[in-house]
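J.: Structure provided below as structure tokens; questions to follow.
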Amino acid sequence: MSAARGGGAGASPAKKQKIGAPATAVPVAAKDVKLLHSARAGDCAAIKAAIKAGAQVTFQDHEGGVSALMAAAEGGHVEAVQVLLQYGAPWNSVDHRGLCAGQYAFAKNHQAVVDVLVNAGVQAEMLFRAIESKKSRESKASEDNRKYLQRGVSYEKDTLVDDDKRGVMMEWETPLMAAHAEIICQTKGDVLNVGFGMGIVDGYIQGHAPRSHTIIEAHPTVYKKMMAEGWGDKPGVRVVFGRWEDVIGDLGPFDGIFFDTFDDDFMAFHSHLPRILKKEGVYSFFNGIYPENVFFQGVACQLIEQELEGYGMVSQFITCNIDIDKNKDKQKQWDGVRFKYFMGEHYYLPIITHSEAAEAAEASGSAGSEAEAGAAVGQTPSATA
Ligand SMILES: C[S@@+](CC[C@H](N)C(=O)[O-])C[C@H]1O[C@@H](n2cnc3c(N)ncnc32)[C@H](O)[C@@H]1O
């Protein structure tokens, strides 16, 4: 769960289990069907009996890929969901439509079940992260990132793509980048952007006229382009060429930081925040984790929140509407792109601050709720692509 963009660096470590309809008809065991029915009815005793009799808690029906956990979640049966989880039902299995148990519960407004499943997802991911050592995760991310940096990239009309036809950046994200720039430039102080891409966020940062504007970029082609566009000569702008991992030690602290790289471990960047983010500073990052599944995205946001808490930071996520799927011109930007890194109608824009600053703001009555956090930066961003 570390790459916000790109397919590498464990972009799908939730070990999501997607099943398709079997190629040949497989006989269905009566005990599995019994488990499914018991889960649908929320009958905990019958669920336990079916499992003890040998029913598979991972069973998904052949027609739609519905699992016992999904059936219990859809019925709003909190206890049955808890029992199934205790017996090892995977929280992240998806049916033939790509929906997980959390989405079944969400669709029927069963908030208590949603909460249980989010919690199960966060616990499982934390365990997964603990087992997969920090070192091996970081070295995998680093390998993916180095590979990307050695690939060719090219600028098309509205996109930046790598030579594997993966979209690195797209013009439709412009309103999101404007919102991120607004968040991190509220003090008009010293601002850092990691990852230039198409320079969209940097254009907006310039519009806020901060005291200083540092940009870290590691890809030679991107760096060449930004220099040709005169970014190296702009007053107050400092361009640092290199991987952030290699140059961050000599930089900071900053009032505002935005992080948006590719095939990279953005969570590794977080360990630097206590030093590089000033006491009253604001940090944000491109939040493109699990774009294909809003429930997994919610779990990821919680996980990030918990991880940042460990660094003494508080996180808030502001909802921005995106209507790219309805906009035919913007949709065309995906033509020929192999990896669709964003889907859906909502974008959860992260606002991260030191907890002491958040507590002080709350005590003075200037922050607290999500809406107030938006107000503190001018207005709640409502980006419509
Ligand atoms: C998605 S683009 C950034 C888009 C940018 N936010 C914009 O508004 O156009 C990601 C950028 O990060 C750069 N990048 C990737 N890995 C990096 C690393 N380790 N250090 C610094 N830059 C990196 C890529 O070359 C690319 O230019």
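J.: Give me the pairs: first residue in the stretch 78-92 and assigned by TED's automatic domain parsing to the domain that holds ALA49, second residue in a helix (DSSP H, G or I) and aromatic (Phe, Trp, Tyr), beta-carbon distance under 8 Å, and six or more apart or on different chains, which are they?
T.: So the pair list comes out as ASN92/PHE296.
J.: I'm trying to understand the selection: among the residues of the stretch 162-186, which are within 11 Å of the ligand (Cβ to nearest atom) and not charged (D, E, K, R)?
T.: Residues satisfying the conditions are GLY167, VAL168, MET169, MET170, THR174, LEU176, MET177, ALA178, HIS180, ALA181.
J.: Six or more apart or on different chains, Cβ under 9 Å: which pairs go from a residue in the stretch 185-201 that's on the phi > 0 side of the Ramachandran plot to one that's of a type in the set (Gly, Ala, Ser) and in a loop (DSSP other than H, G, I, E, B)? Could you list them?
T.: Going by the 9 Å Cβ cut-off, the qualifying pairs are LYS188/ALA209; GLY195/ALA218.
J.: Further question: For the stretch 60-73, which positions are surrounded by 20 or more Cβ atoms within 10 Å (Cβ to Cβ) and of a type outside the set (Ser, Thr, Tyr)?
T.: Within the stretch 60-73, GLN60, GLY65, VAL66, ALA68, LEU69, MET70, ALA71, ALA72, ALA73 meet the criteria.
J.: Quick check: anything in the stretch 224-237 among the acidic types (Asp, Glu), buried (at least 18 other Cβ atoms within 10 Å of the Cβ) and either away from the ligand (no atom under 14 Å from the Cβ) or in the same structural domain as ILE184 (by TED's automatic domain parsing) (or both)?
T.: no
J.: Next up: Scan the stretch 131-148 and give yes if some residue there is within 12 Å of the ligand (Cβ to nearest atom), surrounded by fewer than 19 Cβ atoms within 10 Å (Cβ to Cβ), farther than 18 Å from TYR290 by Cα and among the hydroxyl-bearing types (Ser, Thr, Tyr), otherwise no.
T.: Scanning the stretch 131-148, I find at least one residue that is within 12 Å of the ligand (Cβ to nearest atom), surrounded by fewer than 19 Cβ atoms within 10 Å (Cβ to Cβ), farther than 18 Å from TYR290 by Cα and among the hydroxyl-bearing types (Ser, Thr, Tyr), so the answer is yes.
J.: Let me ask something else. Can you confirm whether ILE276 is away from the ligand (no atom under 11 Å from the Cβ), over 24 Å from GLY207 (Cβ atoms) and either of a type in the set (Asp, Glu) or in contact (Cβ under 8 Å) with a residue 24 or more places away in the chain (or both)?
T.: Judged against the criteria, ILE276 is not a match.
J.: Turning to a different aspect of this structure: Within the stretch 55-66, is there a residue that is at pLDDT 95 or above, under 28 Å from the mean Cα position of the chain (by Cα) and aliphatic (A, V, I, L, M)?
T.: yes
J.: Looking at PHE262, PHE286, which is the one that is buried (at least 23 other Cβ atoms within 10 Å of the Cβ), modelled with pLDDT of 90 or more and more than 30 Å from VAL114 (Cβ to Cβ)?
T.: Answer to the selection: PHE262.
J.: Hey, among ILE184, ILE200, ILE216, which residue is more than 23 Å from GLY167 (Cα to Cα) and among the β-branched types (Val, Ile, Thr)?
T.: Criteria check complete, one pass: ILE184.
J.: Okay, moving on. What is the one condition in (1) within 16 Å of the ligand (Cβ to nearest atom); (2) part of a helix (DSSP H, G or I); (3) not polar (S, T, N, Q) that ILE289 does not satisfy?
T.: Of the numbered conditions (1) within 16 Å of the ligand (Cβ to nearest atom); (2) part of a helix (DSSP H, G or I); (3) not polar (S, T, N, Q), the odd one out for ILE289 is (2).
J.: From the residues in the stretch 187-223 that are assigned to a helix (DSSP H, G or I) and in contact with a Cys (Cβ under 9 Å, 6 or more places away or on another chain), which one is farthest from the ligand (Cβ to nearest atom)?
T.: Once the filter is applied, the top-ranked residue is GLY207.
The values are calculated or read from the model by the stated rules, or taken from the named source; none is laboratory data. In this text, all values refer to a predicted model and were calculated from it rather than measured experimentally. In this analysis, Cβ positions are derived from the backbone assuming ideal geometry, glycine residues included, and neighbour counts consider all displayed protein chains.
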